[in-house]
Structures are given as C-alpha cells and as structure tokens.
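Taking it in order: structure first as structure tokens, then the write-up.
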Amino acid sequence: MINKIIKPDFKSTLKEDRVFHPSKKFSANAHIKNMAEYTKLYNESIKKPEVFWAREAENLEWFKKWDNVLEWKQPFAKWFSGGKINCSYNCLDRHLSDKGTQSAIIWDGENGDKRNITYNELHEEVCKLANVLKGFKVKKGDRVVIYLPMIPEVAIAMLACTRIGAIHSVVFGGYSSEALKVRINDARAKVVITVDGGYRKGNKTRMKDAVDEALSGVKFVKNVIVVKRNGIKVQMKKDRDFLYGDLMKKASSVCQPAKMNAEDPLFVLYTSGTTGIPKGVVHTHGGYLTQVAMSAKYIFDLHPNDKFWCTADVGWITGHSYVVYGPLLNGVTTIVTEGLPTHPTPERPWKLIDKHKITQFYTAPTAIRMFMKIGRAWPARHKLKSLKVIGTVGEPINPEAWTWYYNNIGKRRCPVVDTWWQTETGSILVTSLPGATPTKPGSATLPFFGVDVAVVDMKGKKTKVNEGGYLVINKPWPSMLRTVYKNDERYKKTYWNEIKGVYFSGDGARRDKDGYIWIMGRTDDIIKVAGHRLGTMEIESALVSHKAVAEAAVVGKQDEIKGEAIVAFVSLNLKFTESEKLINELGAHVVKCIGPIARPSQIIVVDDLPKTRSGKIIRRILKSIAEGNEIKGDTSTIANADILEKLKKL
Ligand code: 7RM
C-alpha cells in the first residue's frame, strides 16, 4: 500500500534541455531506424495488440499455437492461452543447427577463472541437470530454489528447471540464511541448488552453511545439489546433499523438453514490497518469453554474433531477463561476470569489453557513478570500439552520470538506453530505441511497444505537462506478473486497487512537452540502495527483532554513489542505553536477518519517533532530518510534538 501520509514531493527540480540524436550510421543498420518506424509500430501495438503480439510470438518456436492472444479479466491476464512452448528449447535447441559451436556464455570469474561455453555444451549441461532433477523426482510445477553466485551453473540450473517445467526461484547469493529461509518456505521448494561458497573481493564466502541453517527443521526440501566453487569444506547431509559434479557425471544428456502451457508459471522471484514479507512475483512461459525476447532485440538492437554484457546479478529480475533469457532467446553470446567490476582493478570491465569485443553493455547508475568517481583515466586507456549500445537500469540516472557514461564509455558514439521497468513488469517498458529515439539525459524517454503508460493523480486523472504524478499502465502486457505466489488478494490490492482500473507501479513521474517520461523515484516505502530493491519495512522488522529495539523507522537518504543510503531511527527498550557497541550490534543483526546489502549506513538512537495521532510514524520528517534538510510541510499532525525539537537538534 502506498503511504498516504507521505505526500510525495512531486516538484521536480531537474532541468535538462540537451537532446542527443542517434548517428546516421547507427540508425542505418538498426532494427528500428527512425521515429516514424517507432510511431507506426507503437500505434499498431496499442490499437491492435493482438496482431502485434501474435507476430512477435511467432519469432519463438511453439509446439502448439495459441488459441487466443489475450484473455483479460482484470486484473488477471492470460496471454497465448492454449499455446505450448518450452523455454530451454527456445534458448538452446532452436539455435543448435547454426550456432552450436558459437559461445552461449563467456564467463569471467572473480579470481581469474574463465570459461567459454558453446550452445552445444550449454545444451548438454542443461539436459544433464534436467535429468538429475528428474532423478530427484522433481516434476512439472515443483519449485527449485537456486542460491548460487554468478557462475555458469546459475544459468544452467535455471534452464534445467524450465526444461522439465519446474518453477525456479533464484535467491540472491548475498541474502542471509534467514532471508533464504523465508523464501524457501514460501515457495515450499523440493530441491535447493547451491555452492560450497563464492568469492567476494578475493575472500572466500560460505553459502552452503547458509543453506544448512535455512533448512534446519524444514522437511519438504528433499535434496540439495552442491556445486564446488571455492573448495571450502562443507557438511553434506547423508541422502539429502549431493555434489553437482558427481551427479552430472552419471546423468544422460538426452532430455526431451516439457511441453508447457503458455500460462504455466516459469519462475517465482521474490521482491521487496511495502510489508515485511517479500512478494513472490510469478512470471509465465508464453508471455514472458515473447516480450523478453523482443525487448532485448529492439532495445539493444541485437544482431547475430553480438556479445551482450549485463552486469546485474541473476538474483534480480535484470539478471533473469537480460543476463540469461533475453540474450539466449536471441541466440547471441551473454557475458557472465562474478564479483565486483572494480576487482581486482577498476580496469576489469574495460579490459573485458576490448578482449571479447563486447557489443552491448548494460549496467546501473550506481555502477556508473562509481566508475565516474574512480576516474576516466581507466576507461580512457581502452578503445571500447566494439560497443554499439550502452544501457542503464535500476534507478533514475542523474544527467551528470548519463553524460559521463555517454562520453567516456560510449565515447560519444553509442546511444544510451535508459530503461525503466520492474520485477513485476518482467521486461523493459519505458525506454529509448537506440536507432530512433532522440535521448535526453535523465529521461527514460518513451513507452516501448505495447505499453500504454500514463502519469496520473490518485483519482486516475492525467496530470498536466511537467506536473508530477503516479506512473501507471493502462493495459496488460505479455510479460506482466500474473499474481503474487499463492496470494491473489495481495496481487489485486498492491497493483490494481490503488488507482482504479490501472496497474500501479509505485513510481512518481512527469511527462514533458514531448511526452518524454522522467521517473522521479518511488512514492512508497521501497528504496533502491546501489540498485538493490529493499523494503524499509523489512529492515524495520529486522531491527525490532533485536531485543534492544523498541521501535524503528527506516528511510532512504540521497547518496552520491548508491542513489539512496539506508538511515535507521530506533528507540530503545528501557534496559538499554546507546553505545557504539550496541549500534554495531544492530547493524550486524540486520545483516544476519537480510544480508550485507541491507546494513544501514547510519543508525540514529532517538527517545521517540514522530507519530500521527493514530500512531503512524511520519517518515517524511525523518527523511528531512536524515538528509539534513529543513522540515517542510505540515507538522500539525504530529501527536508527540515535543520530539520534533529534539530531532531538530540531531
Ligand atoms: C529492473 C529493476 C524497480 C524500481 C522501479 C523504479 C526503479 C528501475 C529505472 C528506475 C528510474 C530507470 N527492477 N527503476 N529502472 N528508475 N529510471 N531507468 O530495477 O524491481 O528491482 O526495481 O526501480 O523505482 O519501480 S526492480
């Protein structure tokens, strides 16, 4: 639910008038060459969605054609129902006759390890692992949790699930055992695929231990498959845990792809919402695959032999759609990298681009700002001549970072695509098209094909030019989430009830005189820290689960690199007093409950939190305090006004 007490600050201060046009040379070879082509297709996609999407779906291979392109009983959509399809078949088998020996995955490990996996090899591995899963009695519709670092096995595991129709749920490797447990429980997974441990800045991490902890007392997980990565010693529970390598040695490499219904779930991905419990976002086969394949093709202008590098972790939606499925559905090479891009040196990404002749680079503003801070000397040493398109995703990009990216990575040659979308949307919905759209730094530009967006007020009325409002989507699209796993009510309430009749994104935005969309950030209690999506409520529940904490309120504070940083205000239980030790302990406690990404950068102890008469914490005030700003707006609703004076002194 959006926080009705915080009226979002919709005044946009961003002024940016520059416009960048794609070069003639780029446009000449692009799938979409100019705005006239974009407009024509866009209009068709909105006026005749069934014609448009049927044509796009036909680019995939279906075992059986669909009966209906769309059945829409708001808020439940069915796309391509009656159709039969398989994801791994479309990512792999379909390409083998002409691309069998081409690289499907080029992997660059954190410790210098490298692997090059051809489509033939990937197909073989996927079939083998699918047979291993079958051996563990995994059937259509069963859930498999994947808790792995960025190693090729993560893609193999996802594809193996889709081959037999099992539903995968990838859990970000940086989540703690407790966060993992919540997800395994909600999904009621039958099998978990994990690793002994990974690497972080050269140090070995322990992941199997976290799985063991998460599984204590859990009966429904029958087997754990353990990939060997960093070689640390781990415990193997008899009859439950098996080494990936041992299992694969014995597995057959012949596995027929399951014929899945278009509307069968493909995966569940947990994402933060505005309550303490994450939501299992459900995506299905037919619609998701169709829109992910076509969005990757048009937005990154994919051509045969392209090498596509998306730096996201597969634990997030960006990794699902544009590390694994988008590139493989298009038969290009995907670059998979483990560890920080700046480790062992800040030169790593630029070296990699030149070495492999990478053609598309897709990253987040937080990474761009970090590269910017480290300095342009590093990319300046590299030609980066192979790059054609560079992209950004995850948070609003400030025009300075956009321009730096354009100048220093794109070398003023490559169009920048600023792509807006969400875990729930499955694929990119607002973006420029690199060969067509004139771009404005800081704007995600225009709606993608088939996407009917609007910026409206709470009543659903369109806002005026440049006036802020809520970004909504008027009509269903193929890769939209179908529901929240096992919770249709939460799905309806969160996405289709805030503003009547439309999909509520939770983002604030404005449209300028050219119809360009400028995203202004979240209007609810979700924050983006270094591109990671976190719910303030999750962090708050972690804090109050510590014995010293009486109450907690978490807000996002503007941060030069991370976009937002986490600031926590806590009041303590009577027996406890503030100390450095306690503050450190609280930070560590959040890490234990969620993971290092959720550690507050600041924890501030207060006597009391500012509240309304009905007891709701007024976060707006805390945000101003955290950012060192004057407290603006109405403060008359505060019940405990005396606390305000104390807070101001902080
Ligand atoms: C893909 C992803 C979704 C939230 C979304 C926005 C923010 C994403 C942009 C952006 C401005 C962008 N999925 N967001 N892309 N804001 N410009 N290009 O990030 O589910 O993890 O997060 O991210 O607030 O609602 S996500």
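None of the figures in this text is laboratory data; all of them are computed from the coordinates on show. This is a predicted model, so every value here is computed, not measured. Reconstructed Cβ throughout: ideal geometry from the backbone, glycine too, with neighbour counts over all protein chains shown.
For the chain, what is the convex hull volume of the alpha-carbon atoms per residue, in Å³? Could you put the intermediate results ahead of the total?
Details: hull volume 100.2 nm³, N = 650.
Output value, Cα hull per residue: 154 Å³.
So which trypsin sites (Lys or Arg not before Pro) in the stretch 405-447 end up in coil per DSSP with only 12 or fewer other C-beta atoms within 10 Å?
For trypsin sites (Lys or Arg not before Pro) across the stretch 405-447 that sit outside H, G, I, E and B with at most 12 neighbouring Cβ atoms in 10 Å, the list reads Arg412.
Once every DSSP H run of n ≥ 4 in the chain is given -39500 (n - 2.57) and the sum is divided by its residues, what mean residue ellipticity at 222 nm do you get, rounded to the nearest 500 deg cm²/dmol?
Theoretical 222 nm ellipticity from helices: -8000 deg cm²/dmol.
Give the relative contact order (percent, whole number) for the chain; include only Cα pairs under 8 Å separated by 6+ residues.
14 percent
Past the 25 Å Cα-Cα mark, which pairs from Lys233/Lys279; Lys65/Lys297; Lys139/Lys307?
Working: Lys233/Lys279 34 Å; Lys65/Lys297 22 Å; Lys139/Lys307 34 Å.
In this structure, Lys233/Lys279; Lys139/Lys307 lie more than 25 Å apart at Cα.
Out of all DSSP beta bridges with both ends in the chain, state the antiparallel percent to the nearest 5.
Restricted to the chain, the bridges split so that about 60 percent are antiparallel.
In what sequence do Tyr516, Tyr362 fall when counting other Cβ within 10 Å, fewest first?
Fewest-to-most ranking of Tyr516, Tyr362: Tyr516, Tyr362.
Working out 0.36 nm times the residue gap between Lys238 and Asp209, then minus their Cα-Cα distance, what length gain in nm do you get to one decimal?
Details: separation 29, 0.36 × 29 = 10.44 nm, distance 1.52 nm.
Between Lys238 and Asp209, full extension yields 8.9 nm more.
What's the center-to-center distance, using Cα atoms, between the stretch 58-77 and the stretch 101-163 in Å?
Here the answer is 28 Å between Cα centres.
Using r as the Cβ-Cβ distance of Asp246 and Thr101, and R0 as 35 Å, what FRET efficiency do you calculate, to the nearest 0.05?
Values: r = 28 Å, r/R0 = 0.80.
According to the calculation, E is roughly 0.80.
Cα to Cα, under 18 Å, and not fewer than 8 places away if on the same chain: which lysines meet these conditions relative to Lys47?
Here the lysines satisfying the reach criterion relative to Lys47 are Lys475.
Greater than 31 Å separation of Cα atoms is the criterion. Which listed pairs, Lys238/Lys581; Lys249/Lys486; Lys64/Lys249; Lys99/Lys222; Lys201/Lys250; Lys201/Lys383, meet it? Display every interim value, and only then the final one.
On the way: Lys238/Lys581 41 Å; Lys249/Lys486 37 Å; Lys64/Lys249 34 Å; Lys99/Lys222 37 Å; Lys201/Lys250 35 Å; Lys201/Lys383 26 Å.
Too far apart for the 31 Å limit: Lys238/Lys581; Lys249/Lys486; Lys64/Lys249; Lys99/Lys222; Lys201/Lys250.
For the stretch 75-162, what relative contact order do you get, as a whole percent, if you take Cα pairs closer than 8 Å and at least 6 residues apart?
Taking the mean separation of contacting Cα pairs over the length of the stretch 75-162, I get 29 percent.
Per residue of the stretch 148-164, in order, report the coupling 6.51 cos²θ - 1.76 cosθ + 1.60 (Karplus, θ = phi - 60°) as ³J(HN,Hα) in whole Hz, putting x for Gly and Pro.
So the J values, rounded to whole Hz, are 9, x, 7, 10, x, 4, 5, 6, 4, 5, 4, 5, 5, 4, 5, 5, 9.
Under 12 Å between alpha carbons, and skipping anything fewer than 8 positions from Lys78 in its own chain: which aspartates and glutamates qualify?
The qualifying aspartates and glutamates are Asp67, Glu263, Asp264.
Return the whole-Å distance between the Cα centroid of the stretch 487-563 and the Cα centroid of the stretch 303-319.
Centre-to-centre distance over Cα atoms comes out at 25 Å.
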